[in-house]
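Data first, discussion second: the structure below is written as structure tokens.
Every read-out reported here was derived from the displayed coordinates using simple, explicitly stated rules and does not represent laboratory data. Since the model is a prediction, treat every value here as computed from it, not as a measurement. Ideal geometry is used to build each Cβ from the backbone, glycine not excepted, and the neighbour counts take in all protein chains shown.
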Amino acid sequence: MDTIACSSCFVDQGLRLDAEQIGIAGDASCPNCGSTEGKKLDKSFLSSLAYRFFVWGSFGRTEYGGAPLIQFNELQKTTITPPPWMQADVALFESLLGIGFFYYGPRLWMVGEIEPLKALESLKERPKIIAKILKTYPSRHIESNRNFYRIRKDPKHPDLHTEFDSPPNPYLGSGRLDSLELPILYASPDLEVCVHECRVTAEDELYLATLVPSRVLKVLDLSVIPDESESVTEFESLDMAIHQLFMAGKHSYEITRAIAGAAKQAGFDGIIYPSYFSLLRLGLMPLRTTYGLSHRRAPELQAQEESFTVPNLAVFDRPIESGLLKVACINKLVLSRVAYEFHFGPASF
């Protein structure tokens, strides 16, 4: 390993801790600071540290999408203003990597300037785009040998199967897809996502139902990257519109509920949709790009990008009551340990 720095070189505690996470332990002296205790970094690790801290660490969400506020490359000089405790650290990156840090002006698709998404926000144009969604995204069949999980917190009768059905009427209209007109049973094949999305705490009594279809389910799959012409840019992409829609918060629910209602009218039993926590579950930065171009629009990267989505299942109406879904078993769920993974970014610049 051609060490050029180590974690002990940094003054900023966040940078130091991030460097300890990605660096390599070794007894040799650091050629930069002389420490034998710091985790060692070669040029590749140091570049990764710069990206992780300054680019990913400065990522800010907007109403739809988001973008990093800082970027760096070898062609520009540093124009950001780091806080006093970070000035020596920035100078170290400049010296060892030959880079400069600057304020990033993102391409506007990254912050929601996508034509189909803007049309979905318009009550007048929304039906046309939803019709295109139903036509563009594939229909899937879920066989009766597939398992899905549903968690309940503090159910009154945990051994009663209907406790795991869609919520009663007074509780409808608070989720991403359900409404007063359309109850939704939310489930997931990923147990960790299921736990996280239920916002569980150590005080909750948790019960887990394993659900299986009683017949083949016909569902609309919004978790995949649909076929679009290679000439379609991010600004025109229906995929990018759906991707950012399911990344967004509660202000997007009116649109997603309208999609669910249209899918129900079109004869679907439910929807497969990307979990809001997909990227957090997998530890990935949102909206990955190369030279401002989305990886989702690159044909050679689309299979990989699809694998970064955790698909959830939303089944219409009350499928346990109707017999569409069966409760295979019910278990008490015991939280035995909680662990967090994190890294850092600049608080000001």
Item to check | Label-to-label distance, nm, for residues given as ASP27 and LYS218 (7 Å Cα→Cβ offset) | outcome: 7.0 nm
Checklist entry - Once both axes come from the Cα atoms, what is the angle between helix 13-22 and the longest principal axis of the chain, in degrees from 0 to 90, rounded to 10? => result 80 degrees
Next on the checklist: For segment 280-349 and segment 103-157, what is the centre-to-centre distance using only Cα atoms, to the nearest Å?
Outcome noted: 13 Å
Next on the checklist: I need the peptides 224-233, 208-217, 192-201 ranked by packing, meaning the mean over residues of other C-beta atoms within 10 angstrom, with the highest value on top.
Outcome noted: 208-217, 192-201, 224-233
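Can you give the net charge of the other residues whose Cβ lies under 11 Å from the Cβ of TRP56, counting K and R as +1 and D and E as -1?
+1
Taking the Cα centre as origin and putting +1 on Lys and Arg beta-carbons and -1 on Asp and Glu beta-carbons, what dipole magnitude results for segment 1-112, to the nearest 20 debye?
Result for segment 1-112 is approximately 300 debye, rounded to the nearest 20.
Could you tell me whether segment 295-348 comes out rounded, prolate or oblate from its Cα gyration tensor? Rule is a ≥ b ≥ c as square roots of the eigenvalues, rounded for a/c under 1.5, then prolate if a/b exceeds b/c, otherwise oblate. Walk me through the numbers before you get to the answer.
Details: a/c = 2.97, a/b = 1.40, b/c = 2.11.
Judged from the Cα gyration tensor, segment 295-348 comes out oblate (a/c at least 1.5, b/c at or above a/b).
Would you work out the charge dipole size for segment 79-214 about its Cα centre, treating the Cβ of every Lys and Arg as +1 and the Cβ of every Asp and Glu as -1, and quote it to the nearest 20 debye? Walk me through the intermediate numbers first.
Working: 15 positive and 19 negative charges, 155 e Å.
Taking the Cα centre of segment 79-214 as origin, the dipole is about 740 debye.
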Checklist entry - So for segment 223-302, what are the equivalent ellipsoid semi-axes in whole Å, largest first, each being the square root of 5 times an eigenvalue of the Cα gyration tensor? => result 24, 16, 12
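For GLN265 and HIS157, what does the FRET efficiency come to when R0 = 45 Å and r is the distance between their Cβ atoms, rounded to the nearest 0.05?
On the way: r = 34 Å, r/R0 = 0.75.
The computed FRET efficiency comes out at 0.85.
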Checklist outcome for this item: Checking ASP27, ASP42, ASP317 against a Gaussian network model of the chain (alpha-carbon springs below 10 Å), the top fluctuating residue turns out to be ASP27
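Rounding to the nearest 20 debye, state how big the charge dipole of segment 65-126 is about its Cα centre with +1 on each Lys and Arg Cβ and -1 on each Asp and Glu Cβ.
Numbers: 5 positive and 7 negative charges, 38 e Å.
I would put it at about 180 debye.
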Checklist entry - Taking springs between alpha-carbon atoms closer than 10 angstrom, which of SER237, SER174, SER275 fluctuates most in the Gaussian network model of the chain? => result SER174
Item to check | For segment 128-135, Karplus couplings with θ = phi - 60° (6.51, -1.76, 1.60), whole Hz, Gly/Pro x | outcome: 5, 6, 5, 4, 5, 4, 5, 7
Item to check | Dipole of the chain, positive end: most advanced residue of PHE148, ILE22, TRP56 [Cβ charges, Cα centre] | outcome: PHE148
Item to check | Nitroxide proxy distance, nm - points 7 Å out along Cα→Cβ at PHE59 and ALA131 | outcome: 3.6 nm
Checklist entry - Which of the peptides 106-113, 257-264, 93-100 is most tightly packed, and how do the rest follow, going by the mean number of other Cβ atoms within 10 Å of each residue? => result 257-264, 106-113, 93-100
Checklist outcome for this item: Cross-link reach from LYS128 to lysines, straight Cα distance under 25 Å and at least 8 residues apart if same chain, gives LYS118, LYS218, LYS250, LYS264
Item to check | Cα centroid separation, segment 71-89 to segment 228-242 (Å) | outcome: 34 Å
Checklist entry - Any idea what angle helix 87-97 forms with the longest principal axis of the chain, computed on alpha-carbon atoms, 0 to 90 degrees, nearest 10? => result 90 degrees
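Report the extension gain between MET285 and MET1 in nm, rounded to one decimal, defined as 0.36 nm multiplied by the number of residues separating them, less their alpha carbon distance. The partial results should precede the final answer.
Values: separation 284, 0.36 × 284 = 102.24 nm, distance 2.73 nm.
Stretched fully, the MET285-MET1 segment lengthens by 99.5 nm.
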Checklist entry - Sorted by average packing, counted as other Cβ atoms within 10 angstrom per residue and highest first, what order do 320-328, 61-69 take? => result 61-69, 320-328
Next on the checklist: Helix-only estimate, please: 222 nm mean residue ellipticity of the chain, summing -39500 (n - 2.57) across DSSP H runs of length 4 or more and dividing by its residues, to the nearest 500.
Outcome noted: -7000 deg cm²/dmol
Checklist entry - Percent antiparallel among DSSP beta bridges with both residues in the chain, to the nearest 5? => result 95 percent
